[in-house]
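Shown next, in structure tokens, is the structure this report addresses.
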Amino acid sequence: MRIFWLCVALALTGCDDATDKADEVEDCATDLIQTFADADGDGYGDDATLEETCGTDGRTEQGGDCDDGNPDINPGFGEACDGFDNNCNGTIDEGLATNTYYADTDGDGFGDRNTPEDACIAPPDYVEDDTDCDDTDATINRDGLEICDGLDNDCDQLIDDADPDADEATMLEWYRDNDGDGFGGGNMQIRCDGGTGSTNDGSDCDDANPDVNPNAQEICSGVDEDCDGLIDDADPDVDPLTFTDWFFDGDGDGLGVIIPSVAACEAPTGYVENADDCDDTDPLAGLLTDWYVDNDADGVGDGISVSYGCQPPYPGTAPALLGIDCDDNDPDLFPGNVEICGDGIDQDCSGADLACGPIGSFQILDGPQWTNNPPVYNCLEACAFIFGGIAADYQCSTSALVVDNQAYVDGWGDSQYCTNPVAEDFSQEDPLNPGYNCGGGMCSYSAYVSDHQCQSTNYCWP
């Protein structure tokens, strides 16, 4: 019966062959052995291919091969550090010396110390280095270039300016901004961060004044507010709302007319700030005024009005603006005339003759301390400051006996402390830094300042 079925199963090869096979099986029926397929020929077979066969033709009686496609993997091999179970005991790389590896997520060759993994060979994307301080950025590692970005690019725990290795090419120019207007001047530094009170713009021309910087509006002030080197009318950007209206003064009497007028910071030549002239062709015809008889033709009338208007009503009259003559029959007596002392005559109509001789004196050191930066005085101004009136009321002299129209002054900035006599109206100060302590490299001189103990005496004459 068994032969019959074998003949059926093997019909294509012929029943004779089936008969031969059947005879072979019948011959070893009592000698069958368990064998395994040995595809890689290493003498160990795959357990999944276990069969009972008459012999080992192409097979093996030794199972346990966990990779029957690799002749170097079977139970007879020793374990190697290669990430495979070489001896098929179910464990990989066991019993071998190991190192600690760290994940290198960003692929820069430096690992994250917080991801240790012990193995005899580095797992994929693991490295032995554990110095990466940011394993998500391949530009940040021990070999990274420190730049100005607020990050520790080279993982040395120092950031930006605190790191001496910071790349200067990524730094900026910083300037102190003392007045807080966003613009600095001087004291430039190359840094990542200039710190509080600093700015990248160093174009401020006055870092002590927040109203002066390149973004400021130029106004009529005598100051270069917008730092373009141009001041007031010379600057086309000056604010016209700060202009003054100036009026033409054709006759030079200090009074102008409404037309023509000019809007500007400073008065053009021949222009004044008022439009009060009623006749700009006659310097004597200015404001509307009373007109007095001027009998002695000295230009000042007797105080009795004969007309009111702009023009004199007839020759021999004078405007009330010039005052009242104390003797309208003497052309040498009138207000504003030069008074001659000690002659018994009241030339300036002040009410009394002027006594000869100085009305007072002062020493240079009587003035205020220069360290307080006081005003600078010439001798005439000092006389007016001390004794009253205005500078034009005085003459100065270095002598109490005769007027020489000279004065002593004290110099600062050039070591000429107590100078030889100079002109009575001489003084000097830096126009950009007014005051005795002018600085700026310019010497200053004053007739009234307490410095260097200058005991020279100046005399104030009327």
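List every residue pair whose Cβ atoms sit under 7 Å apart, with the two residues 6 or more apart in sequence or on different chains, where the first one lies in the stretch 160-175 and is within 20 Å of ARG142 (Cβ to Cβ) and the second, anywhere, is among the hydroxyl-bearing types (Ser, Thr, Tyr) and surrounded by 13 or more Cβ atoms within 10 Å (Cβ to Cβ).
Listed by first residue and then by second, the contacts come to nothing, as the list is empty.
Does ASP149 fit the bill of being over 15 Å from GLY195 (Cβ atoms) and of a type outside the set (Ser, Thr, Tyr)?
When the stated conditions are applied, ASP149 passes them.
Tally up the residues in the stretch 316-343 that are among the charged types (D, E, K, R) and touching a Phe, Trp or Tyr at 6+ places or on another chain (Cβ under 9 Å), please. Walk me through it before giving the result.
Applying the first criterion (among the charged types (D, E, K, R)) to the stretch 316-343 yields 325, 327-328, 330, 332, 339, 343.
Among the residues that remain, those that are also touching a Phe, Trp or Tyr at 6+ places or on another chain (Cβ under 9 Å) are: 325, 327-328.
Of the residues in that region, 3 qualify.
Tell me which of these ASP149 doesn't satisfy, since it passes every other one: (1) over 30 Å from ARG113 (Cβ atoms); (2) surrounded by fewer than 19 Cβ atoms within 10 Å (Cβ to Cβ).
All conditions are met except number (1).
With the requirement that a residue be in contact with a Gly (Cβ under 9 Å, 6 or more places away or on another chain) and either among the acidic types (Asp, Glu) or under 24 Å from ASP348 (Cα atoms) (or both), what does the stretch 285-298 give you?
Once the filter is applied, which keeps residues that are in contact with a Gly (Cβ under 9 Å, 6 or more places away or on another chain) and either among the acidic types (Asp, Glu) or under 24 Å from ASP348 (Cα atoms) (or both), the stretch 285-298 yields ALA285, GLY286, THR289, ASP290, TRP291, TYR292, VAL293, ASP294, ASN295, ALA297.
Every residue in the stretch 273-292 that is touching a residue at least 24 places away in the same chain (Cβ under 8 Å) and out of contact with any strand residue (DSSP E or B) (no Cβ under 6 Å at 6 or more places or on another chain), please. Break it down into steps so the answer makes sense when it comes.
In the first step, residues of the stretch 273-292 are kept if they are touching a residue at least 24 places away in the same chain (Cβ under 8 Å); the result is 273-275, 277-287, 289-292.
Scanning the stretch 273-292 gives GLU273, ASN274, CYS278, ASP279, THR281, ASP282, PRO283, LEU284, ALA285, GLY286, LEU287.
Mind listing whichever residues of the stretch 270-320 are at pLDDT below 85 and of a type in the set (A, V, I, L, M, F, W, C)?
Passing the criteria: CYS278, LEU284, ALA285, LEU287, LEU288, CYS310.
Among the candidates CYS88, CYS81, single out the residue that is surrounded by 13 or more Cβ atoms within 10 Å (Cβ to Cβ), under 20 Å from ALA119 (Cβ atoms), modelled with pLDDT under 90 and not acidic (Asp, Glu).
The match here is CYS81.
Being surrounded by fewer than 14 Cβ atoms within 10 Å (Cβ to Cβ) and farther than 30 Å from ASP112 by Cβ, is that true of even one residue in the stretch 154-167?
no
Give the stretch 26-54 a look and list any residue that's over 29 Å from GLY69 (Cα atoms) and either surrounded by 13 or more Cβ atoms within 10 Å (Cβ to Cβ) or at pLDDT 70 or above (or both), or say none.
Of the residues in the stretch 26-54, the ones over 29 Å from GLY69 (Cα atoms) are 26-31.
Correct list: CYS28, ASP31.
The values are calculated or read from the model by the stated rules, or taken from the named source; none is laboratory data. Since we're looking at a predicted model, the values are computed, not measured. Note that each Cβ is placed from the backbone with ideal geometry, even for glycine, and that neighbours are counted across all protein chains shown.
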